[in-house]
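One structure is given below, encoded as structure tokens.
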Amino acid sequence: MRIALAQINTTVGDFPGNARRMSAFARRAADAGADVVAFPELSLTGYPPLDLIEKPSFLERAEEQLALLTAELAALPLAVICGTIARAERSAGKQLLNSAIVLAQGQPGFRQDKMLLPTYDVFDEARYFQPAERQKLTWITGRKTALTICEDAWNDKQFWERRLYQRDPVEELVSGGAEVLISINASPYHIGKREQRREIFAATAKRYKIPVVYVNQVGGNDQLVFDGSSFAMDASGRVIAAACSFDEDLIIVDVDSGAGTLNETHQEETEATYQALVLGTRDYIRKCGFQKVLIGLSGGIDSTITAAIAVDAVGRENVTGVAMPGPHSSEHSLTDARVLAENLGIRFEVASINAGYAAAMATLEPVFTGFKPDVTEENLQSRLRGLTLMAMSNKFGALVLTTGNKSEVAVGYCTLYGDMCGGLAVISDVPKTMVYELSRTANRRHNGAIPESVFTKPPSAELRPDQKDSDSLPDYEVLDAILKAYIEELRTPAEIAELLGQPLELVRDIINKVDRNEYKRQQAAPGLKVTTKAFGIGRRFPIAQRFAE
């Protein structure tokens with residue numbers, strides 16, 4: 001039984017484009033002698049379609065495209081496992097199903113519907129789909145095959161200390177005599193996710209003593225980045241086929257002989273995270289219809305890594321860095337920004353905000369009489385920079401990439417309608433300490449393009465004389481540890497203080513900053529998720545609330 005794993009990059013709602021991609025990969029699989037080719041979850045519609053699902057025309061378009069694809073692939077000598085949506089037959093409940101349909105000889109045949117609908121983190125599938133009542137086996141090339149959709153294969157009671165669901169579809173299918181498991185997935189990346197998947201499926205293979213085949217989507221869709229990293233394992237849990245991470249791929253595995261394509265690109269995690277950000281940035285820009293991007297280059301580490309990622313995502317010819325010196329900008333900031341732009345080969349512009357700041361202060365002077373200068377004047381500088389970038393965005397049709405990191409966004413060390421202006425927050429899920437690690441990775445990839453002074457100078461917003469981040473925040477090593485424990489691990493202040501050996505008052509102060517700045521984060525540009533808990537789609541906290549840690 002030769003199975004092809006078609007790891008493709010789909011676009012939500014692009015039915016003709018997704019179908020063309022599937023057709024091309026199916027033909028390649030047939031040429032390679034595959035008996036069956038498996039595509040990812042909802043490969044025809046793109047994942048996640050969110051509330052597009054609620055449009056009747058979306059379902060109609062999916063059905064029309066499925067019929068066209070089925071006819072187009074009719075002459076191929078292999079079965080095609082296609083992920084799509086289908087109409088629910090029950091009169092009560094949701095109207096749609098998340099389904100895997102086997103296409104063969106010009107006909108849609110066996111259909112497996114998803115039973116376990118995740119409603120945690122970034123997932124909300126129970127909002128849209130009716131769960132399957134039962135699972136069925138199908139025969140593919142003479143083998144009893146268990147066909148599952150993502151979550152259905154993630155509920156092994158011997159792997160999880162506490163399962164989310166009572167039923168285990170894989171256990172039920174294997175008890176019916178399954179000889180091989182094929183799992184189609186749309187599983188987004190976060191740090192550590194690739195190893196976790198392999199551990200889960202290795203446990204399944206060993207427990208049931210059957211080969212398992214896992215195919216995953218690749219590409220960025222809004223805030224989610226899908227890494228692919230598809231694989232196949234033999235009955236002992238040994239990897240016998242592996243696809244690339246963060247790129248489209250087609251691999252073949254013979255589950256009888258145990259031979260398969262091994263395109264192993266299981267990079268260490270910092271390199272993987274960098275690739276995830278590049279892929280997510282590229283797909284967000286391209287799938288939203290943009291080609292060019294703008295970045296405010298301050299000479300600091302955050303705008304530096306954002307620029308490097310942008311160059312790798314869309315090419316240096318499509319990236320413009322804009323330095324916007326103000327009344328408190330240092331000379332080295334402008335110099336470092338210029339050197340970086342030259343080394344990366346991107347367009348570089350200088351647009352001083354000094355005249356605009358003077359004019360704004362003159363306008364506000366009568367209103368501000370009797371008030372001492374404070375954060376108001378600092379934020380005014382940031383907002384003038386936001387205005388400048390958005391004006392250039394309108395004029396040149398380029399998307400602005402914001403440069404705030406997770407540490408700053410968490411505690412509100414950012415300015416609404418200022419440095420938060422833009423269309424994509426590339427590093428908003430990257431803690432400051434990781435920004436430095438990723439920047440070293442970027443520097444290796446770009447042959448030392450980043451000036452060493454960018455790594456060594458103290459971080460500063462440069463909005464008042466001799467300002468440093470450490471004036472307002474603890475060292476980033478301390479801050480990031482507190483934030484991870486609170487945001488990703490949901491620990492209490494007392495637990496965090498004891499765990500990290502930090503003063504309780506410091507921990508409480510940081511947590512209060514996180515909670516008070518929810519209103520800012522919900523007005524921010526969408527960001528790319530790379531940690532287990534990112535601000536945005538997977539973290540839903542109220543703004544107006546009085547629960548305090």
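Values for this structure:
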| quantity | calculated |
| --- | --- |
| Condition broken by Met390, with the remaining ones in (1) in contact with a Cys (Cβ under 8 Å, 6 or more places away or on another chain); (2) under 27 Å from Glu452 (Cα atoms); (3) not β-branched (Val, Ile, Thr) satisfied | (2) |
| Some residue of region 158-172 being in the same structural domain as Phe110 (by TED's automatic domain parsing), on the phi > 0 side of the Ramachandran plot and of a type outside the set (Phe, Trp, Tyr) | no |
| Candidates Ile482, Ile496, filtered to the one that is within 26 Å of the chain's Cα centre (by Cα) and either among the basic types (Lys, Arg) or at pLDDT 95 or above (or both) | Ile482 |
| Qualifying residue in region 72-82 (condition: closer than 20 Å to Gly219 by Cα and either buried (at least 24 other Cβ atoms within 10 Å of the Cβ) or more than 24 Å from the chain's Cα centre (by Cα) (or both)) | yes |
| Some residue of region 156-163 being part of a loop (DSSP other than H, G, I, E, B) and buried (at least 20 other Cβ atoms within 10 Å of the Cβ) | no |
| Among the residues listed as Leu334, Leu364, the single one being buried (at least 18 other Cβ atoms within 10 Å of the Cβ), more than 20 Å from Met420 (Cα to Cα), free of Cβ contacts under 8 Å to residues at least 60 places away in the same chain and over 28 Å from the mean Cα position of the chain (by Cα) | Leu334 |
| Matching residues in region 38-85 - criterion: being without any contact (Cβ under 8 Å) to a residue 12 or more places away in the chain and in contact with a Ser or Thr (Cβ under 6 Å, 6 or more places away or on another chain) | none |
| Residue list for region 455-479, filter: surrounded by fewer than 20 Cβ atoms within 10 Å (Cβ to Cβ) and among the charged types (D, E, K, R) | Lys457, Arg464, Asp466, Lys468, Asp469, Asp471, Asp475, Glu477 |
| Pro465 within 30 Å of the chain's Cα centre (by Cα) and not β-branched (Val, Ile, Thr) | no |
| In region 122-152, residue farthest from Ile3 (Cα to Cα) [restricted to those that are charged (D, E, K, R) and part of a loop (DSSP other than H, G, I, E, B)] | Asp124 |
| Qualifying position, being in contact with a helix residue (DSSP H, G or I) (Cβ under 9 Å, 6 or more places away or on another chain), touching a residue at least 24 places away in the same chain (Cβ under 8 Å) and under 14 Å from Asp480 (Cβ atoms), among Val409, Val426 | Val409 |
| Flag if Ser460 is in the same structural domain as His332 (by TED's automatic domain parsing) and not in a loop (DSSP other than H, G, I, E, B) | no |
| Count of region 1-25 residues which are of a type in the set (Gly, Ala, Ser), under 30 Å from Ala259 (Cβ atoms) and touching a residue at least 24 places away in the same chain (Cβ under 8 Å) | 3 |
| Residue count, region 1-44 (criterion: of a type outside the set (A, V, I, L, M, F, W, C), assigned to a helix (DSSP H, G or I) and surrounded by fewer than 24 Cβ atoms within 10 Å (Cβ to Cβ)) | 8 |
| The one condition in (1) of a type outside the set (D, E, K, R); (2) more than 16 Å from Ala38 (Cβ to Cβ); (3) assigned to a strand (DSSP E or B); (4) out of contact with any helix residue (DSSP H, G or I) (no Cβ under 7 Å at 6 or more places or on another chain) that Ile200 fails to fulfil | (3) |
| Candidate set from region 164-203 (those that are modelled with pLDDT under 95 and polar (S, T, N, Q)); member that is surrounded by the fewest Cβ atoms within 10 Å (Cβ to Cβ) | Gln166 |
| Flag for Leu416 being in contact (Cβ under 8 Å) with a residue 40 or more places away in the chain and outside any helix (DSSP H, G or I) | yes |
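Residue-by-condition table, conditions (1) touching a strand residue (DSSP E or B) at 6+ places or on another chain (Cβ under 7 Å); (2) assigned to a loop (DSSP other than H, G, I, E, B); (3) not small (Gly, Ala, Ser):
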{"position": "Glu477", "(1), (2), (3)": "no, no, yes"}
{"position": "Leu483", "(1), (2), (3)": "no, no, yes"}
{"position": "Arg491", "(1), (2), (3)": "no, yes, yes"}
{"position": "Ala494", "(1), (2), (3)": "no, no, no"}
{"position": "Glu498", "(1), (2), (3)": "no, no, yes"}
{"position": "Arg508", "(1), (2), (3)": "no, no, yes"}
{"position": "Ala524", "(1), (2), (3)": "yes, yes, no"}
{"position": "Glu549", "(1), (2), (3)": "no, yes, yes"}
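Residues are listed down the side, and each one gets a yes or a no for (1) of a type in the set (Val, Ile, Thr); (2) under 24 Å from Ala242 (Cα atoms); (3) in contact (Cβ under 8 Å) with a residue 12 or more places away in the chain:
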| site | (1), (2), (3) |
| --- | --- |
| Asn155 | no, yes, yes |
| Arg162 | no, no, no |
| Ile182 | yes, yes, yes |
| Tyr189 | no, yes, yes |
| Arg194 | no, yes, yes |
| Phe201 | no, yes, yes |
| Ala205 | no, yes, yes |
| Asp222 | no, no, yes |
| Ser229 | no, yes, yes |
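The values are calculated or read from the model by the stated rules, or taken from the named source; none is laboratory data. Just so we're clear, the structure is a prediction, and the values are computed from it rather than from any experiment. Neighbour counts run over all protein chains shown; Cβ positions are idealised from the backbone, glycine included.
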